[in-house]
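See below for the structure under consideration.
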Amino acid sequence: MNEPLRNTLTIVGQVELWTVPLATSLALLLERTDLPLRRLVWGLLVALLFLPLYLQAAAWDAGFGRQGWLQYQSQLASEPWLAGQRAVVWIHACAALPWATLLVAGSLRFVNRQWEELAQLEAGPWRVLASVTLPRALPGIAAATLWVAITTSAEMIVTDMYLVRTYAEAIYLDLAAGATLSELTWGAAGNLTVVASLVIAAAGMSWLLSSPRGGVPRAEPVRWELGRWRWPIGLACLTLVMLLWLVPLFNLLYHAGTEVAVAEEGRVRQWSAVGVLRQIAAAPRQFHEEFWWSGQLGILAAVLSVSGALPLAWWARSSRLAVGLGCGLAALALAIPGPLVALLALTLRDSCDIDWLVRVFDETLLVVAAVHACRAFPLVWLLLLDGLRAFPQEEWEDAAVAGAAPLRRWLTIVLPRRRGAILAAGLLALGISLAEVPVSLLVGPQGTTTLSVRTFQLVHYGSDDRLAGLALFTTGLTCLLAAATVWLAGWGARNEQFVAAGDV
């Protein structure tokens, strides 16, 4: 086994050990107990879903990396706490925990309440949990496990920061060195085998998440009482999630407000709240071009992604073939690493002999936006599938009986009733586009530097006040994007009645 593949498997295994058990426990507490502060914990977790990996990496590195404040305060020349494989595992585990918790919690919501109530007549809560709840939540736990493995192995942002050569990092470095598609596909790293394995795993995860349930729950799930441990456990959960926010946020605030002043005893580092506000306020002006290009690219990618996923999600309501096709496309988009996707686009560009197509590649954002749309397709498709699957089929049939054409039914019935889910899917695609680094770095036209690429470059130069100010400003925008997406998704759900899966 070569070094990149061995490092990848080691990192994935360690991230799984840290993330999946903790996410399962957290999901059980949030969904199946009378845990206090539940809404606050969920709000913080959902906001973390939208925080790009490069921002999380920059925030943790600002405190515990090679130029973090801990290194300055301790004045040690030894290796910092965040270095090498240890740093990669930690940052990926922090980024994966919210996703894994959400997937497990979603599965727990579909456990039949009647079965649990019947089991409670003969057994205590722990036995009901072990014999009824957890076995029926296994699809969500399996999906969370596969999600962590796929996303961790296919990312190269953190591994490139800490110089850890993994499977995706090896592809990125080989591509930067001028490797061709055939060399990367059939190279010594066994890329074709790894990609095939990831695609199969992603297809299985997509099928678990997209398969129709036996029924949609109409009542609140059974919640067990924690008794005198209720508030201690609730505060412990809140503390855990708050640490994932407060520690990185403190790191960025420290770097944004730290200034070097000359005193009699020499150069002195001091912190200023005014300096923090100055750096945050200066970020839109200093990086206005990056915000401009990222906004254009994100909006275009969102339109393309929703336009492609919406018809397929509607078709998948009544066709297993459409579900299988959607799972296959989602698996390909999710499992193929960003550098390899970028190489596919570059290979297509080099093999193209049509002048106007070459100009589209070199002078417009259309190609990179299309690739971003493909990267966003898996989550957009699953979100739209979930929203459209609950649409009452009888309303569609009644309109057909009344003589309305399919297009008119779409415009007057489906779209107004599902605009919340559609808009939420668009914002989700926008967030994914803003977080994409390899494709933007390798495929984007010359002179179009996006926000993710600029942040990625600044991280490599070292943590400074400009990077901290930009990261803080972008984090604020990300939180607003997360809040808008959640509100739109919830708004659509609040205006609809759940229907049984057998009726749609």
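With a Förster radius of 25 Å, plug the Cβ-Cβ distance of M242 and D34 into 1/(1 + (r/R0)^6) and report the FRET value to the nearest 0.05. Spell out each step's value before the answer.
Values: r = 20 Å, r/R0 = 0.82.
With a Förster radius of 25 Å, E is 0.75.
Whole number please: convex hull volume per residue of the Cα set in region 371-500, in Å³? Could the numbers behind the result be given before it?
Details: hull volume 16.8 nm³, N = 130.
That works out to 129 Å³ per residue.
How much length would be gained if the chain were fully extended between L22 and H288, taking 0.36 nm per residue of separation minus their Cα-Cα distance, in nm to one decimal? Before the final figure, lay out the partial values.
Values: separation 266, 0.36 × 266 = 95.76 nm, distance 3.97 nm.
Residue separation times 0.36 nm, minus the Cα-Cα distance, leaves 91.8 nm.
Stretched out fully, how many nm does the piece from S351 to L321 gain, at 0.36 nm a residue minus the Cα gap?
Numbers: separation 30, 0.36 × 30 = 10.80 nm, distance 3.28 nm.
Contour length minus Cα-Cα distance gives 7.5 nm.
Would you mind ranking C94, C352 by Cβ crowding within 10 Å, fewest neighbours first? If you can, show how the numbers build up before the last one.
Details: C94 23, C352 13.
Fewest-to-most Cβ neighbours within 10 Å comes out as C352, C94.
Give me the percent relative contact order of region 243-351, please, defined on Cα pairs under 8 angstrom at least 6 residues apart. Provide the component values of the computation, followed by the final result.
Working: 42 pairs, mean separation 12.8, N = 109.
For region 243-351, the relative contact order is 12 percent.
If each of A405 and D464 carries a label point 7 Å out from its Cα toward its Cβ, how far apart are those two points in nm?
6.1 nm
Taking the inverse of the average 1/r across all pairs of different Cα atoms in region 244-370, what Kirkwood radius in Å do you get?
For region 244-370, the Kirkwood estimate is 19.6 Å.
Taking R0 as 51 Å, what's the FRET efficiency between R86 and Q393 from their Cβ-Cβ distance, rounded to 0.05? The partial results should precede the final answer.
Working: r = 52 Å, r/R0 = 1.03.
For R86 and Q393, the calculated efficiency is 0.45.
FYI, it's all coordinate maths here, none of it is from the lab. Please read all numbers here as calculations on a predicted model, not as lab measurements. Because the Cβ atoms are built from the backbone with ideal geometry, glycine has one as well, and the counts that use them run over all protein chains shown.
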